[in-house]
1. Taking GluC sites (Glu not before Pro) as candidate sites, keep only those in a DSSP loop with at most 16 other Cβ atoms within 10 Å, then name the longest stretch of the chain containing none of them.
2. Going 7 Å from the Cα of Thr132 in the Cα-to-Cβ direction, what parts of the range 77-120 have a backbone nitrogen less than 12 Å from that spot?
3. Nearest 5 percent is fine: what portion of the DSSP beta bridges confined to the range 97-217 is antiparallel?
4. With every protein chain present, what is the per residue accessible area of the range 154-217 (1.4 Å probe, Å²)?
5. Return the carbon/sulfur percentage of the accessible area of the chain, one whole number, probe 1.4 Å, all protein chains in place.
6. As a check on your grasp of the helix formula, calculate [θ] at 222 nm for the chain: sum -39500 (n - 2.57) over DSSP H runs of n ≥ 4, divide by the residue count, round to the nearest 500.
7. If I model a spin label at Ser27 and Lys71 as a point 7 Å from the Cα along the Cα→Cβ vector, what separation in nanometres do I get?
8. Averaged per residue, what accessible area in Å² does the range 94-149 show with a 1.4 Å probe, protein chains only?
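The values are calculated or read from the model by the stated rules, or taken from the named source; none is laboratory data. These numbers come from a predicted model, not from an experiment. As a convention, Cβ positions derive from the backbone with ideal geometry for all residues, glycine included, and neighbour counts pool all protein chains shown. Keep in mind that these areas ignore ligands, DNA and RNA; they rest on the heavy atoms of the full protein, side chains included. Shrake-Rupley method; radii C 1.70, N 1.55, O 1.52, S 1.80 Å.
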Amino acid sequence: MKKILSAKDAVKLIKDNATIMIGGFLSCGTPNELIDALVEQKTKNLTLISNDTSFPNTDRGKLIENKMVKKVITSHIGTNPETGRQLHAGELDVELVPMGTLFEQIRSKGAGLGGVLTPTGVNTFIEENKKTVEIDGKKYIFDKSLGADVALIYGTKVDKFGNISYFGTTRNCNTVMATAAETVIVQADELVETLDPNEIIVPGVFVDYIVVRENNK
């Protein structure tokens, strides 16, 4: 059985200068209470890996707003003007990665691979300072796999063994991130004794700690 923690105790595992992944697509499938606890803890100089930086002062956007992030590796910052402002002011390092490439980098880390070959970005600025490989006459960019110290992910229903099921699109980025971090913390909307094997999307072997959501509004 997995250890159940409060959100406050769970984020104590995240130290200054850590690299973290946070699941969710904008505010869908995002572990909001874990993010709020991290903001309250005021952890500094984080490297954030996420699909986006959400909206101003909303879930992941709170980390940007409070200047807790030194670098973000993401696919999309357009919904958060503060991310752009900090980028142009030299306050935040932003590495923009095509969405498919980003999640293949994460997936490859979870699979124990060194990286991926992709044609996306060939002959553009994305190719700069990267290795390229030619296979059967076609050019590919090599992108290294991408992992983190801690992943904060979401689950609709989680059992006491850490198995996770999802409702609809809330699974989005959470599933690959569960495989690619040294420590994985899942925020559960609902904790149950056991899940039907047919419901399980993320096996509990990938999960280290469970936090049960307190605010269900």
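1. It works out to 1-90.
2. The answer is 119-120, whose backbone nitrogens lie closer than 12 Å to the label point.
3. Expressed as a percentage, antiparallel bridges in the range 97-217 total about 45.
4. 48
5. With neighbouring chains kept in place, the figure for the chain is 51 percent.
6. Result for the chain: -5000 deg cm²/dmol, rounded to the nearest 500.
7. About 3.1 nm separates the two model spin labels.
8. The answer is 60 Å² per residue.
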